[in-house]
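K.L.:
Let me begin by handing over the structure; questions about it come next.
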Amino acid sequence: MKSPWAMITAGAGAFDRWVKDPVDPRPLAWFRCWFGLLSLVNLWLLWPDMSMWLGNDGVLPPVVHRDMVGGTRLSIFMLTGYSDMAIGLIRGLSLVGGLGLVLGVFPRCAAACVWLAAVSYAWRNMDILHSGDNLIRIGAFFLIFARSDGALSLSRGVSRWLFPRADPDPAAPYKPVPAWPQRILQLQLCIIYLAAGIWKTMGPTWRNGTAVGLVLQLGEFQRFPIPDFFLTPLMSQVFTYGTLVFELGFPILIWIPRLRLPVLLAGLVFHAGLDWVMNVQLFQWQITAYYLLWLKPRRS
């Protein structure tokens, strides 16, 4: 039997290899494309109301904002001050960055644009944010450091066409890329579910099984009608405890290879149901982008 120290050393070595060994570039490329497209959709939803939410003459004037935040952070507003010109810059960076991510054109620069735009409007008016905005900031930040153009990249295809001799192995369609940005994003998804599950268990309505039933009766969040049977106390307990089981179980079960696909499918059903009954912007869609990081492509 191995000593505790040997087991710890072996575990640390396995974790080190898991982080450092190169991986197939396709999951990260899939994530980049879908993430970029959803960033563009998010921009489209915000676009018409940006002046109201972020402008000097909007719902949060500069004098009120100064008292609320009591400081500043890295954002476009550090350059422009409280100016409506920042709105144009946020729109431009989001548009250019989203298109760059979708097409795989200078994806690191594109991710930086999306991230800077997201942190800027988040700082200017935190009252308009939802969990999907957090996913945008997190995903865009780590894409800045990722080699996400190893597949589905317009710039990679153009480079191969213009400089065929610069590619040492043109027959190899997909070259491995550093794993650590993908690993961090995978861990981030687990942390999101774990934190959400833990916070829910602290609420009395989650412990007595009435939380989901109460939420389903909030008219301001309803999107599409649901059968009356789902509003019964029994189904409220099923959905409430089922949510806790899923969110607390996902961070553990997703690491078991045989269970990975069923867990991901269960997650898709879970978020599709939430998107049907509740209008929480793009959160349910944005979290599916992180699911793509767990897929194992077929060998080419």
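K.L.:
Contact list please: Cβ distance under 7 Å, first residue in segment 232-249 and outside the structural domain of Asn208 (by TED's automatic domain parsing), second residue part of a helix (DSSP H, G or I) and surrounded by fewer than 14 Cβ atoms within 10 Å (Cβ to Cβ), pairs at least six apart or on different chains.
P.N.:
none
K.L.:
Take Gly88 and decide whether it is touching a residue at least 12 places away in the same chain (Cβ under 8 Å), in a helix (DSSP H, G or I) and not hydrophobic (A, V, I, L, M, F, W, C).
P.N.:
Against the criterion (touching a residue at least 12 places away in the same chain (Cβ under 8 Å), in a helix (DSSP H, G or I) and not hydrophobic (A, V, I, L, M, F, W, C)), Gly88 does not qualify.
K.L.:
Give me the helices (runs of 4 or more DSSP H) completely within segment 1-73, filtered to those with at least 2 residues that are at pLDDT 90 or above, ordered by residue number.
P.N.:
26-46, 50-54, 62-69
K.L.:
For the structure I just gave you, tell me whether Gly92 is in contact with a Gly (Cβ under 6 Å, 6 or more places away or on another chain), modelled with pLDDT of 95 or more and either of a type outside the set (A, V, I, L, M) or crowded, with 23+ Cβ neighbours inside 10 Å (or both).
P.N.:
Judged against the criteria, Gly92 is not a match.
K.L.:
With the requirement that a residue be surrounded by 12 or more Cβ atoms within 10 Å (Cβ to Cβ), of a type in the set (S, T, N, Q), in contact (Cβ under 8 Å) with a residue 24 or more places away in the chain and more than 19 Å from Leu143 (Cα to Cα), what does segment 66-85 give you?
P.N.:
Hit for segment 66-85 is Ser83, nothing else.
K.L.:
Filtering segment 20-64 down to residues that are among the charged types (D, E, K, R) and either touching a residue at least 40 places away in the same chain (Cβ under 8 Å) or surrounded by 15 or more Cβ atoms within 10 Å (Cβ to Cβ) (or both), which residue is farthest from Asp84 (Cα to Cα)? Let's see the steps before the verdict.
P.N.:
The initial filter retains those residues of segment 20-64 that are among the charged types (D, E, K, R), namely 20-21, 24, 26, 32, 49, 57.
From what is left, the residues that are either touching a residue at least 40 places away in the same chain (Cβ under 8 Å) or surrounded by 15 or more Cβ atoms within 10 Å (Cβ to Cβ) (or both) are 20-21, 24, 26, 32.
Values: Lys20: 44, Asp21: 46, Asp24: 43, Arg26: 39, Arg32: 30 Å.
Of everything passing the filter in segment 20-64, Asp21 is farthest from Asp84 (Cα to Cα).
K.L.:
Restricting attention to segment 172-201, report how many residues are in a loop (DSSP other than H, G, I, E, B) and at pLDDT 95 or above.
P.N.:
Of the residues in that region, 0 qualify.
K.L.:
Separate question: Of a type in the set (A, V, I, L, M), buried (at least 16 other Cβ atoms within 10 Å of the Cβ) and touching a Gly at 6+ places or on another chain (Cβ under 9 Å): does that describe Ala211?
P.N.:
Answer is yes for this residue.
K.L.:
Identify, please: which residue in segment 250-261 is of a type in the set (A, V, I, L, M, F, W, C) and touching a residue at least 40 places away in the same chain (Cβ under 8 Å) and is, among those, surrounded by the fewest Cβ atoms within 10 Å (Cβ to Cβ)?
P.N.:
If we take residues in segment 250-261 being of a type in the set (A, V, I, L, M, F, W, C) and touching a residue at least 40 places away in the same chain (Cβ under 8 Å), then Ile254 is surrounded by the fewest Cβ atoms within 10 Å (Cβ to Cβ).
K.L.:
Report, by residue number, each residue of segment 100-125 that is surrounded by fewer than 17 Cβ atoms within 10 Å (Cβ to Cβ) and in contact (Cβ under 8 Å) with a residue 24 or more places away in the chain.
P.N.:
Arg108 - this is the single residue of segment 100-125 that is surrounded by fewer than 17 Cβ atoms within 10 Å (Cβ to Cβ) and in contact (Cβ under 8 Å) with a residue 24 or more places away in the chain.
K.L.:
Name the residues in segment 107-151 that are among the small types (Gly, Ala, Ser) and either in a loop (DSSP other than H, G, I, E, B) or at pLDDT below 90 (or both), would you?
P.N.:
Ser131, Gly132, Ala146, Ser148, Gly150, Ala151 - these are the residues of segment 107-151 that are among the small types (Gly, Ala, Ser) and either in a loop (DSSP other than H, G, I, E, B) or at pLDDT below 90 (or both).
K.L.:
Now, a different point. For Gly273, are the conditions met, namely being of a type in the set (Gly, Ala, Ser), closer than 26 Å to Arg207 by Cβ and modelled with pLDDT under 95?
P.N.:
yes
K.L.:
Okay, moving on. I need the full set of residues from segment 201-217 which are aliphatic (A, V, I, L, M) and within 26 Å of the chain's Cα centre (by Cα), in order please.
P.N.:
Met202, Ala211, Val212, Val215, Leu216
The values are calculated or read from the model by the stated rules, or taken from the named source; none is laboratory data. Note that the structure is a prediction, hence the values are computed from the model and not measured. Note: ideal-geometry Cβ built from the backbone for every residue, glycine included; neighbour counts use all protein chains shown.
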